[in-house]
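The block underneath contains the structure these notes are about, expressed in structure tokens.
The values are calculated or read from the model by the stated rules, or taken from the named source; none is laboratory data. The model shown is predicted, which means the values in this text are computed figures rather than measured ones. Using ideal geometry, Cβ is built from the backbone for each residue, glycine included, and neighbour counts are taken over all protein chains shown. With ligands, DNA and RNA removed, areas are computed over all heavy atoms of the protein, side chains included. Shrake-Rupley method; radii C 1.70, N 1.55, O 1.52, S 1.80 Å.
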Amino acid sequence: MSEGIDRVQVFEPHKSSLPPLKPYLRDFWRRREFATELSKFTDKAEYLDSKLGNVWLVLNPLFLALIYFLLVTIIQGGRDGLGGFTTLCHILIGLFTFYFAQNCILSGAQSITSGGRLILNQAFPRSLLPLSSAISAARQFWPTLPVYVSIVVIGKLIIDDTSIPGLTWNYLLVPVLLLLLGITSFGLALFFATLNVYFRDTTKLLSYIMRIWLYASPVLWQPDMLSGWSRIILYLNPLGPILSANSRIWIDGLTPTLSQAIGCVAWCILSILFGGYFFISRERDFAVRIS
Amino acid sequence: MPDSLAVQIENLSISYKINVESKKTLKNALMRASRGEKVRTRTVEAVKNLTLDIPHGSVLGIVGANGAGKSTLMRSIAGILPPSEGRISVNGKISTLLALGVGFNKALSGRDNIILGGLAAGLSRDEIESQTDSIAEFADLPEGFIDMPVRTYSSGMYSRVAFSVAVNMTPDILLLDEALSAGDAAFKEKSFNKMRQLCEEARTILIVSHALSSINELCDQVVWLHKGQMLASGEPGEITEKYLKFLNVGELPSSYEDL
């Protein structure tokens, strides 16, 4: 008998809707390398690992930010409380960050239906496919940060009276915030990926939803513009507290407020639990639905 | 389960619902709901009350007409489809070749697809990279093709790469669905030799195929599935002969009436 034979797997009907979570999560963790490598290879196939591909990833949101900046300043007709440069920076960092979430959600939502053959041929925790999309989204997001920082540095050198903060300790909170955003978006991607298996036009609809989501998020407008009860919009939006806190760190140079911090963590936990439950409880059905 | 068995299947039934709608979209669902129509689904009973013991080191062939439940059975042994009733115990590492082709990115090279295939099968990057050359060599592609995008491959080359990945994962249990037709006569000979070598190492192989002569040559036991039920099992020659007779004249063996 070969030495490799060391474990017995038993497949039985699942009485509860969730499979046993402990082995599932262990398998998920054991195969994480598959998700990272799959994401690298997918990027490679789309030439995103080339220099020009990287430039395009930065240029795309950069141009969009400029367009939105022009639109916003035209609509506001110069009645802006903040300086023009500050508005531009707010839109830039907001859009870059929002794009991270959007890429994560959009490509994650497609990952199951486009991974058909893989799903039909191999047994593995299916949540590794949206995870791989999330890793790609993160890898595409990193290069936009140095671009933002250089724009701020150049702006501060040219314009004397800009209110954009210099170096503060608050920047140390950015990685925490991005991790929370990544988990929140991954949870949302799990939800939409499952939905897309049952309704194949979900991703089509999702591109409109993401557009509206962008307008409803504090990216093109500042969170301070809302007052009183209307501020609830910021907290009903799963990405709202994170984007507000993000802008507070980058633009105001301040520590996120307690309600922002609670909002970030609450949405993160809620979305990963809900998305995770929705996905994992249905993923054994995928192989039947995909074929 | 007894140590001598690689796979033990007890009273296995698999049924699933399929949606008969032409397009599974939210739009259609809403339109249906507005007309007060229900979703039309059909329950498919793909495998019915199957019990089967597969010892280590055996080569089991599974034959049957289209829709007999062969692929469903293979997927359930691989852990891709959960059983509806009964249980499946699997003792050892499984490697699968169920859907045709490795099924990865056609824009990537054969080498990259081999690495992805190994990672999907649960190997680490180092493990698979050390084997990539031998897998590529086994696939025996024309000079330089292994580093070209898979979309430039002929279908034979494509399935040869897929086959090489599956057999070179050092599986304890190898599941092959319609994979014997990969490549030409020379490659067929090579793949048969590889499978015989795997058997000598006490590894177990399950083959679904319509190529009855290959089944006769390779297998030491054959199971005939018909509409989800096991009609007969036994010596390859005997079973394939019965099966062939059924295919030609539509005659089921008398034992079927007892089922």
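Looking at the range B:135-147, is at least one residue small (Gly, Ala, Ser), under 18 Å from the mean Cα position of the chain (by Cα), open to solvent by 10 Å² or more (accessible area, probe 1.4 Å) and at positive phi?
no
Checking the conditions here, which among B:Leu98, B:Leu119, B:Leu73 is under 30 Å from B:Pro2 (Cα atoms), touching a Lys or Arg at 6+ places or on another chain (Cβ under 7 Å) and of a type outside the set (Asp, Glu)?
The conditions single out B:Leu98.
I need the full set of residues from the range A:167-182 which are free of Cβ contacts under 8 Å to residues at least 60 places away in the same chain and either closer than 15 Å to A:Thr86 by Cβ or assigned to a loop (DSSP other than H, G, I, E, B) (or both), in order please.
Residue satisfying the conditions is A:Leu167 alone.
I'd like the full set of residues that are small (Gly, Ala, Ser) and either more than 21 Å from A:Arg126 (Cβ to Cβ) or surrounded by 13 or more Cβ atoms within 10 Å (Cβ to Cβ) (or both), limited to the range A:14-65.
Listed by number, the residues that qualify are A:Ala35, A:Ser39, A:Ala45, A:Ser50, A:Gly53, A:Ala65.
What are the pairs with Cβ atoms under 8 angstrom where one residue, in the range B:196-224, is within 14 Å of chain A (Cβ to nearest Cβ) and under 21 Å from B:Arg75 (Cα atoms) and the other, located anywhere, is charged (D, E, K, R) and assigned to a strand (DSSP E or B)? Sequence gap at least six, or different chains.
B:Val208/B:Asp177
If you go through the range A:245-271 one residue at a time, how many are open to solvent by less than 50 Å² (accessible area, probe 1.4 Å) and assigned to a helix (DSSP H, G or I)?
12
For every residue, the table says whether it meets (1) within 10 Å of chain B (Cβ to nearest Cβ); (2) open to solvent by less than 10 Å² (accessible area, probe 1.4 Å); (3) assigned to a helix (DSSP H, G or I).
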position: A:Cys104; (1), (2), (3): no, yes, yes
position: A:Ser107; (1), (2), (3): no, no, yes
position: A:Ser111; (1), (2), (3): no, no, yes
position: A:Leu120; (1), (2), (3): yes, no, yes
position: A:Leu131; (1), (2), (3): no, no, yes
position: A:Gln140; (1), (2), (3): no, no, yes
position: A:Tyr148; (1), (2), (3): no, yes, yes
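So which residues in the range B:110-146 are more than 21 Å from A:Glu33 (Cα to Cα), part of a helix (DSSP H, G or I) and either within 13 Å of another protein chain (Cβ to nearest Cβ) or out of contact with any Gly (no Cβ under 8 Å at 6 or more places or on another chain) (or both), if there are any at all?
Within the range B:110-146, B:Ser134, B:Glu137, B:Phe138 meet the criteria.
Quick check: anything in the range B:97-115 open to solvent by 40 Å² or more (accessible area, probe 1.4 Å), acidic (Asp, Glu) and more than 26 Å from B:Asn216 (Cβ to Cβ)?
Checking the range B:97-115: not a single residue is open to solvent by 40 Å² or more (accessible area, probe 1.4 Å), acidic (Asp, Glu) and more than 26 Å from B:Asn216 (Cβ to Cβ).
Which condition does B:Leu73 not pass, out of (1) at the interface with chain A (Cβ under 9 Å from one of its Cβ atoms); (2) under 25 Å from B:Ser214 (Cα atoms); (3) part of a helix (DSSP H, G or I), if it passes all the others?
Tallying (1) at the interface with chain A (Cβ under 9 Å from one of its Cβ atoms); (2) under 25 Å from B:Ser214 (Cα atoms); (3) part of a helix (DSSP H, G or I), B:Leu73 fails exactly one: (1).
Looking at the range B:202-218, which of the residues that are of a type outside the set (D, E, K, R) and open to solvent by 10 Å² or more (accessible area, probe 1.4 Å) is nearest to B:Asn168 (Cα to Cα)?
Restricting to residues being of a type outside the set (D, E, K, R) and open to solvent by 10 Å² or more (accessible area, probe 1.4 Å), the top hit is B:Ala202.
Of all residues in the range B:31-51, which are surrounded by 11 or more Cβ atoms within 10 Å (Cβ to Cβ) and within 14 Å of chain A (Cβ to nearest Cβ)?
Selection gives B:Met31, B:Arg32, B:Ala33, B:Val39, B:Thr41, B:Val44, B:Glu45, B:Ala46, B:Val47, B:Asn49, B:Leu50.
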